[in-house]
Amino acid sequence: MKGTILVVEDDARVALFLRRLLVHNDYQVETAGTAAAARQLATELSPDVVLLDLNLPDAHGHDLMPELLELVPTSQFIVVTGDASIRSAVKATRRGAADYLSK
């Protein structure tokens with residue numbers, strides 16, 4: 001295994017696609033569809049990387065990222081969003097994202 005990735009994505013199809021792609025490339029992958037599930041899995045897994053959608057049903061990714069960084073400070077965060085903007089990218093980077101990708 002190359003490492004552990006936590007995919008935080010509320011769209012089940014996108015989460016499944018990312019999971020399949022990453023597992024095929026020899027990563028251990030878990031998915032969370034809500035911020036609550038992400039908090040729990042982050043604590044249990046201590047993932048190497050968190051792929052984080054910004055629009056979740058119970059929280060915004062910009063608010064969730066600092067919480068997850070406190071839980072797993074060694075994780076790298078990559079924001080993956082369908083609502084990309086320069087303002088959002090800057091905010092994500094300032095809050096700890098290593099990268100910012102548009103879906």
Return the residue satisfying two criteria in turn: it lies in the stretch 22-32 and is in contact with a strand residue (DSSP E or B) (Cβ under 9 Å, 6 or more places away or on another chain) and open to solvent by 30 Å² or more (accessible area, probe 1.4 Å), and of such residues it is nearest to His62 (Cα to Cα). Thr31
Consider Pro57 carefully, then state whether it is open to solvent by 70 Å² or more (accessible area, probe 1.4 Å) and either touching an Asp or Glu at 6+ places or on another chain (Cβ under 6 Å) or touching a residue at least 60 places away in the same chain (Cβ under 8 Å) (or both). yes
Given (1) open to solvent by less than 60 Å² (accessible area, probe 1.4 Å); (2) under 21 Å from Lys91 (Cα atoms), identify the lone condition not met by Ala36. (2)
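The values are calculated or read from the model by the stated rules, or taken from the named source; none is laboratory data. In this text, all values refer to a predicted model and were calculated from it rather than measured experimentally. Note: ideal-geometry Cβ built from the backbone for every residue, glycine included; neighbour counts use all protein chains shown. Accessible surface areas use protein heavy atoms only, side chains included; no ligands, DNA or RNA. Shrake-Rupley method; radii C 1.70, N 1.55, O 1.52, S 1.80 Å.
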